[in-house]
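Peer 1: This is the structure I have questions about; it appears just below.
Coordinate-derived values only; no laboratory data. Being a predicted model, the structure only gives us computed values, none of them experimental. Positions of Cβ are backbone-derived with ideal geometry, glycine not excepted, and every protein chain shown enters the neighbour counts.
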Amino acid sequence: MYATAYDPAGAALFSVTPDTLQLTSTRLYETGAKQTLWDGGAEWTVAAYDIKQRNVLVPVNTTTVDVAGEVASKGVELAAAVRPIDGLRLWGNAAFTHARFVNFDVWSGNTPPNVAPLIVNAGASYRFNHWPWPVEFGGSVRHVGDRYLFPDDATTLLAYTTADVYTFVDIPGRDLWRPEIESLRLGFRVRNLTNVVYAQWADSTYPDQVLLGAPRTYEVWASARW
């Protein structure tokens, strides 16, 4: 795939005027492949991309923004899933990103803020289909690498790893009090199981503040089909 795009660099689309219009131009190359194996029991995908943006507005401190000559990003994304036995599913994906400022004052060669060079997700689940009411148990792990707060790459947002677990039960419509309902799913989830404290996002215009990720969170939910 090849694509180009143009966006206002310093103003909202409906508030620009001809004498103040600054466009951010983007050029994208992307290619990939996907394969399904074992009669649908396994699959994998891979994608590679190359993105260049020119005339990008970048905050450099609490009161000043500057226009970067170019931001160049290259990366590879991998994903795979497999069902080795009936009821068990294993999956994972990873994204490798190399992003750099190009022709941007003294920050040329630095990594743009909030860009993680590595993001990895993995999970597993097992479904007991032979029970009168099918039940599934599962969990996932997410790792996000170090990121930077400012274009000078002097302040690091440390890498973090979080884990989620869940379970749900599917109640068939024949066991419900409403015959028009095909099935009812009741679930329970724990997010950030180990209660990790981590910086999820930061804005360089607020140098003394970061957005923390949610602490350990419990969820109960229900969904119905009819």
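Peer 1: In which sequence would 131, 91, 107 go, from the one with the fewest C-beta neighbours within 10 Å to the one with the most?
Peer 2: Lowest count first: 131, 91, 107.
Peer 1: Another one. Taking the Cα-to-Cβ direction at residue 154 and at residue 223 and moving 7 Å from each Cα, how far apart do the two end points lie in nm?
Peer 2: With each label point 7 Å from Cα toward Cβ, the separation is 4.8 nm.
Peer 1: Now for a separate question. Of 35, 181, 205, which is farthest along the charge dipole of segment 2-225 in the positive direction, counting Lys and Arg as +1 and Asp and Glu as -1 at C-beta?
Peer 2: Positive-most Cα among the choices belongs to 181.
Peer 1: Any idea what the relative contact order of the chain is, in percent, if you count C-alpha pairs under 8 Å spaced at least 6 apart?
Peer 2: 12
Peer 1: Going by how many other beta carbons lie within 10 Å of each one, how would you line up 155, 31, fewest first?
Peer 2: Taking fewest neighbouring Cβ atoms as first place, the list is 31, 155.
Peer 1: With +1 on the Cβ of every Lys and Arg and -1 on the Cβ of every Asp and Glu, and nothing else charged, how large is the dipole of segment 2-225 about its Cα centre, in debye rounded to the nearest 20?
Peer 2: Here the size comes out at about 600 debye.
Peer 1: Sticking with this one: Which one, 183, 25, 204, has the greatest fluctuation when you compute a Gaussian network model over the chain with C-alpha springs under 10 angstrom?
Peer 2: 183
Peer 1: Would you look at the GNM of the chain, springs on alpha carbons closer than 10 Å, and say which of 40, 92, 109 moves the most?
Peer 2: Most flexible of the set in this elastic network: 40.
Peer 1: Now for a separate question. I need 165, 71 ordered by Cβ neighbour count within 10 Å, fewest first. The partial results should precede the final answer.
Peer 2: Values: 165 14, 71 22.
Taking fewest neighbouring Cβ atoms as first place, the list is 165, 71.
Peer 1: Right, next: Can you give the translational diffusion coefficient of segment 104-184 in µm²/s, computed by Stokes-Einstein from the Kirkwood radius over Cα pairs at 10 °C and 1.306 mPa s?
Peer 2: 96
Peer 1: Could you order peptides 120-126, 219-225 by the average number of other Cβ atoms within 10 Å of their residues, highest first?
Peer 2: For the peptides 120-126, 219-225, the packing ranking is 120-126, 219-225.
Peer 1: If you bin the C-alpha pair distances of the chain every 10 Å from 0, what whole percents do you get?
Peer 2: 7, 21, 26, 22, 15, 7, 1
Peer 1: Compute the length gained on full extension between residue 4 and residue 133: take 0.36 nm times their separation in residues and subtract their Cα-Cα distance, giving the result in nm to one decimal.
Peer 2: 41.4 nm
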